[in-house]
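Below: the structure, in structure tokens.
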Amino acid sequence: MATSRLGTYSLFLVVILWGTLLGGIAYSHLVYFPVYLSALPDSAVVVNGPYGLHESIFWMTIHPLLILSLVVALVLNWKSRSRRKLILISFVIYFLVLVVTQIYFLPELVAFGQSSESKVSRSEWLARGQRWQRLSWIRGGVMYAGILPLLLALTKPVSGRCCQYHNAVACGSASIAHDGAMLSVPQRGSVWLGTTI
């Protein structure tokens, strides 16, 4: 019972952290990047100088926390096949997005920040910045889709074992009292010991 509760609580934590990540994605793409990438190299002042914004603090905090919470949730919900499968789907989506980010998005952001020191033309910087934003919107959309399996996992039972007194009805059986004890009686159409009633 305690492990079951921890599995649910850990899943709630993952959803909260994933939602926090989505909030950062939405804000940065609606407010931050349109200004930052609008007129490079001049607009690179947004991230440079003594008063430059360092949004990496947010990402370097939320990503480790989210990864750790996913691992913990996966371990605590491992015995539930339905939950395990859905958590793994979100995990794979997240992992693939991180890989693509390391390969393309992060190196480009570094280049944008150093654009004032390069000899690349303004028109090329503008084109690269617009392309980066379009592709990053797609990346953000994938992350929004990635939270759906986690939400669906919360609707699944913690344990795959059926007909315990606390979830007998949900498993397709009715519980009746007999001499002070709880007995599980299968309902018509439910699966009981390998046979269909």
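The values are calculated or read from the model by the stated rules, or taken from the named source; none is laboratory data. Quick caveat: nothing in here was measured; it's all calculated off a predicted structure. Methodologically, a virtual Cβ is constructed for each residue, glycine included, from the backbone with ideal geometry; neighbour enumeration extends over all protein chains shown.
Here are some notes:
- For the range 1-58, the set of residues classified as assigned to a loop (DSSP other than H, G, I, E, B) and under 30 Å from Arg84 (Cβ atoms) consists of Met1 only.
- Matching residues in the range 91-119 - criterion: being free of Cβ contacts under 8 Å to residues at least 24 places away in the same chain, surrounded by 14 or more Cβ atoms within 10 Å (Cβ to Cβ) and more than 30 Å from Val14 (Cβ to Cβ): Ala111
- Of all residues in the range 36-78, those satisfying the criterion of being more than 29 Å from Gln114 (Cβ to Cβ) and in contact with a Ser or Thr (Cβ under 6 Å, 6 or more places away or on another chain) are Val72, Ala73, Leu76.
- Test result for Ile138, surrounded by 17 or more Cβ atoms within 10 Å (Cβ to Cβ) and either of a type in the set (D, E, K, R) or assigned by TED's automatic domain parsing to the domain that holds Leu109 (or both): no
- Number of positions in the range 13-66 that are at positive phi and either surrounded by 16 or more Cβ atoms within 10 Å (Cβ to Cβ) or among the hydrophobic types (A, V, I, L, M, F, W, C) (or both): 0
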